[in-house]
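Written below as structure tokens is the structure these notes are about.
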Amino acid sequence: MDFNEYLFLLMKDTQSVNRSILLGNIYRSPSSTQVNDYELCDLLDLIQQKFPIPKWIVGDFNFANISWYDADGCWVIARCTGLTQIENKFISTLKKNFLIQHVSEPTRQRGLDVPHTLDLILSSDNCLSEIEHLSPLGMSDHSVLMFRYEWAIYIRKQISVRRRS
């Protein structure tokens, strides 16, 4: 696999594999080649196969033609009309791997350009809430996304009791 603009972190609960989570960040260049785009989809497939645990992936995916909208207050859906083959493949890959896309408002705007939702938050569950679009950092034209992710961790404590004689 040659797609290499990503970073993943596996957070493990040593007591239970069911309480591990995979965190990821992906960058797809706006001038990405078709081969690179297919490798991105292959990467998402591989992640689902190798890590059947909760996951969330954030990043600048740069699919400017995909329009995302809030369908019912819980899910964000893509409008699939007029998309390229790779844009449809990307959406299909998200669906196939049960990844939910949460960002419905534009994340990039420069001057009079049409705003686009380029930065996405993907997760394997719907435990994400309260997405806020904050001002860009420095000279960036991308919003900073802040969100809340609810994930329970169970801590088991062993207590020793000694009797005094």
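General remarks:
- Filter result (closer than 21 Å to W56 by Cα, more than 13 Å from the chain's Cα centre (by Cα) and of a type in the set (G, A, S)) within the stretch 21-43: S29
- Qualifying residue in the stretch 64-82 (condition: surrounded by 15 or more Cβ atoms within 10 Å (Cβ to Cβ), within 18 Å of the chain's Cα centre (by Cα) and at positive phi): no
- Residues that are aromatic (F, W, Y) and under 22 Å from T33 (Cβ atoms), drawn from the stretch 54-106: F61, F63, F90
- The stretch 83-94: number of residues that are of a type in the set (G, A, S) and crowded, with 16+ Cβ neighbours inside 10 Å: 0
- For the condition in contact with a strand residue (DSSP E or B) (Cβ under 7 Å, 6 or more places away or on another chain), modelled with pLDDT under 85 and part of a loop (DSSP other than H, G, I, E, B), V114 does not qualify.
- Within the stretch 92-111, the residues that satisfy the criterion of being without any contact (Cβ under 8 Å) to a residue 40 or more places away in the chain and either of a type in the set (F, W, Y) or closer than 29 Å to L137 by Cβ (or both) are I100, Q101, S104, E105, P106, T107, R108, Q109, R110, G111.
- For the stretch 44-66, the criterion of a residue being farther than 20 Å from H102 by Cβ and in contact (Cβ under 8 Å) with a residue 12 or more places away in the chain is satisfied by at least one position.
The values are calculated or read from the model by the stated rules, or taken from the named source; none is laboratory data. Since the model is a prediction, treat every value here as computed from it, not as a measurement. For neighbour counting, all protein chains shown are included, and Cβ atoms are generated from backbone atoms with ideal geometry for every residue, glycine included.
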